[in-house]
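I have placed the structure first, in the form of structure tokens, so that the comments after it can refer back to it.
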Amino acid sequence: MVTRTRKCTDKIPEPTLRRLPWYLSNAKLLKEKGEKYVSSTQISKEINIDASQIAKDLSYVNIAGRTRVGYEIELLIEVLEDFLGFTNIHRAYLFGVGSLGAALLQDSGLLHFGLEIVGAFDINPDLVGTSINGIPIYHSDEFEERMKLDRVNIGVLTVPINIAQEITDKMVDGGIKAVWNFTPFRIRVPEHIVVQNTSLYAHLAVMFNRLNETLKK
């Protein structure tokens, strides 16, 4: 039997939060292979993270494995999905239906991780009034009116950098509580607004830099 624990008073570190989805994905792969249990050592071999770090990370969620047996995979998946918020559906609007924004609208996998984009906003007349993947695209001027109709707390920001702050201000004024920022611009928001920056260009810079260092050897 697997025992459950919870550290209610501990604030989970952000690096740990970033790693937990990796453990979840690994557990799901093992489940597909018919495995019933997995140890931190087994996970370590698959994703190249120290087993002691994995055990420490999992100590923040309400599950503990059995000695020499490990974690029950079915329960590990259930607990991680619940802890990460993937079992609850969070409704979102997307702002800026360019190439990246359109790609996110096409990504049905987001719903499996608890994010449902229910509408998008743009000013391009060729896009307004159409839909992508069943998600309607409205004119940006309709945002405040749509907020009165839809229960949305999250804004996905994929606009050009020169209007990123302007659109952010508009989102916050309209009632958005969290912003998933895909622009390379560091937006400014009030303290009570949650911001998650995900710059593809920043990650490219890191990859290119590491690649160049490798090529020099």
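No lab work stands behind these numbers, since they all come straight from the coordinates. None of the values given here were measured: they were computed from a predicted structure. Using ideal geometry, Cβ is built from the backbone for each residue, glycine included, and neighbour counts are taken over all protein chains shown.
Assorted remarks:
- Packing rank of 151-163, 205-217, where each peptide gets the mean count of other beta carbons within 10 Å, highest leading: 151-163, 205-217
- Of the trypsin sites (Lys or Arg not before Pro) found in region 26-64, those that fall in a DSSP loop while having at most 15 other beta-carbon atoms within 10 Å are 33, 36.
- Label-to-label distance, residue 108 versus residue 48, with points set 7 angstrom from Cα along the beta-carbon direction: 3.3 nm.
- Local net charge near residue 163, Cβ-Cβ under 12 Å (Lys/Arg +1, Asp/Glu -1): -2
- Principal-axis tilt of helix 73-84 within the chain, Cα atoms, nearest 10 degrees: 40
- Options 215, 165, 153, ranked by Cα towards positive dipole end of the chain, top entry (Cβ charges): 215
- The calculated 222 nm mean residue ellipticity attributable to helices in the chain amounts to -12500 deg cm²/dmol, summing -39500 (n - 2.57) over DSSP H runs of n ≥ 4 and dividing by all residues.
- Once backbone amide H atoms are built at 1.01 Å from N, residue 116 has 90, 91, 92 as its partners under 5 Å, excluding neighbours fewer than 5 places away on the same chain.
- Computed over region 99-208, Cα set: Rg, Dmax in Å: 13.9, 44
- Orientation-averaged projected area, Cα convex hull of the chain (nm²): 15.7
- Positive-pole candidate from 132, 175, 190, dipole of region 90-202, charges at beta carbon: 190
- Overall dimensions of region 14-84 by Cα: Rg and Dmax, Å: 10.7, 31
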